[in-house]
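One structure is given below, encoded as structure tokens.
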Amino acid sequence: MVVDAQLGQFGDLLFESALGVYVLAMILHAVEHALLRRPTRAEESAREPVGAAVGGGSTGTADLTGTGADSAPPPRSRAERFGRMGVSLTVLGFGLHLAMLVVRGFAAGRVPWGNMYEFTAAICLVAVGAWLVVLHRRPELRRLGVFVLLPVIILMFLGGTVLYTQTAPVVPALRSYWLAIHVSAAVIASGILLLAGVSSVLYLLRAAHESTPSRLAWAARLPGADVLDRVAYRATALAFPIWTFAVITGAIWAEAAWGRYWGWDPKETTALVAWVVYACYLHARSTAGWRGRRAAVINVVGFAVMVFNLFFVNLVVTGLHSYAGVG
């Protein structure tokens, strides 16, 4: 298999450009968040039904501004202008990011998630794409941009430094069509679950502020806890069947490669633990007695297990998956 080294270097340049654009976008979102006026307690109380309406599907201007349906939209504030610029840069970064993976795939002559560098980049791409979909449906959640982009930037920085690998063919054990099926499912699920994990963390912070307003004053600028809870739940509900498919196809690939469906390899075990945690979260979230903070804590635990699986199991623990860092 011939590797185009120059095309691979161009892909690395696109990766660095996407990372730089994401950093600028995060800065603009941080400025937006800082410029937002912290609502008074009376305003927060009045806004709660609006947040529930937004989460339930209302996207009209009247719901967001509190004005009548026939009122002219208010002029854009400085915070909104910075936020919109942040979204524009996020879209640009997403385009560069997508181009990077496409170029990397052509350079290596395979799917572009054959090592930890590419795998991490692909997860971040899905996370940003999922975030842009949420923004398209719920523009009022734009203020969360700084918190969504922060873990993406951290992961991409680690991917481009600690995990970086030059463009090369994959090892013989990975030259299988299951690489495109199993790992792509893991990438999609992991990226969406990153968004769900961030939403649950912010939910806990927002809920802490609502219970004790003197604490975490900055959390007053976040959307209502019910909205964050709904985002986390819907993202997890979408990602869970995809993660289930990834676990099942991983077992099928293991039988084809190693002659057994399950061997309690560290990677397999951690993936199963994550599946169980997210199954518990969805069950808890659908049970009235376990909604709210306790369900959010379970979701955060699941997110922590996914991060542990991505880094510690792939890079520290010795197992059958150690040669690849994916799957």
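The values are calculated or read from the model by the stated rules, or taken from the named source; none is laboratory data. Being a predicted model, the structure only gives us computed values, none of them experimental. All Cβ positions, even for glycine, are placed from backbone atoms using ideal geometry, and neighbour counts span all protein chains on display.
Select from segment 280-289 the residues that are assigned to a helix (DSSP H, G or I) and surrounded by fewer than 16 Cβ atoms within 10 Å (Cβ to Cβ) and list them in ascending order.
Looking only at segment 280-289, we keep the residues that are assigned to a helix (DSSP H, G or I), and these are 280-286, 288-289.
Those that are assigned to a helix (DSSP H, G or I) and surrounded by fewer than 16 Cβ atoms within 10 Å (Cβ to Cβ): His283, Ser286, Ala288, Gly289.
Does Arg285 satisfy being under 21 Å from Tyr233 (Cβ atoms) and in contact (Cβ under 8 Å) with a residue 24 or more places away in the chain? Talk me through it step by step, then tell me what you get.
Numbers: under 21 Å from Tyr233 (Cβ atoms): yes; in contact (Cβ under 8 Å) with a residue 24 or more places away in the chain: yes.
So Arg285 passes the test.
What number of residues in segment 109-126 are more than 15 Å from His182 (Cα to Cα) and not in a helix (DSSP H, G or I)?
Here the count works out to 1.
Exactly one of these conditions fails for Ala251: (1) surrounded by 21 or more Cβ atoms within 10 Å (Cβ to Cβ); (2) part of a helix (DSSP H, G or I). Give me its number.
It is condition (1) that Ala251 fails.
Residues of segment 108-154 being small (Gly, Ala, Ser) and over 18 Å from Phe308 (Cα atoms), which ones?
Ala108, Gly109, Gly114, Gly129, Ala130, Gly145
Report every pair of residues separated by at least 6 positions or lying on different chains whose Cβ atoms are under 9 Å apart, first residue within segment 192-208 and free of Cβ contacts under 8 Å to residues at least 12 places away in the same chain, second not hydrophobic (A, V, I, L, M, F, W, C).
Ala208/Arg215; Ala208/Arg293
How many residues are more than 20 Å from Leu310 (Cβ to Cβ), part of a helix (DSSP H, G or I) and in contact (Cβ under 8 Å) with a residue 12 or more places away in the chain if we restrict to segment 220-248?
Within segment 220-248, residues that are more than 20 Å from Leu310 (Cβ to Cβ), part of a helix (DSSP H, G or I) and in contact (Cβ under 8 Å) with a residue 12 or more places away in the chain number 11.
What residue, among those in segment 296-318 that are touching a Lys or Arg at 6+ places or on another chain (Cβ under 9 Å) and at pLDDT below 90, is nearest to Leu195 (Cα to Cα)?
Result: Asn309.
Hey, any hits in segment 137-158 for a residue that's farther than 18 Å from Ala18 by Cβ, within 20 Å of the chain's Cα centre (by Cα), surrounded by 15 or more Cβ atoms within 10 Å (Cβ to Cβ) and of a type in the set (A, V, I, L, M)?
yes
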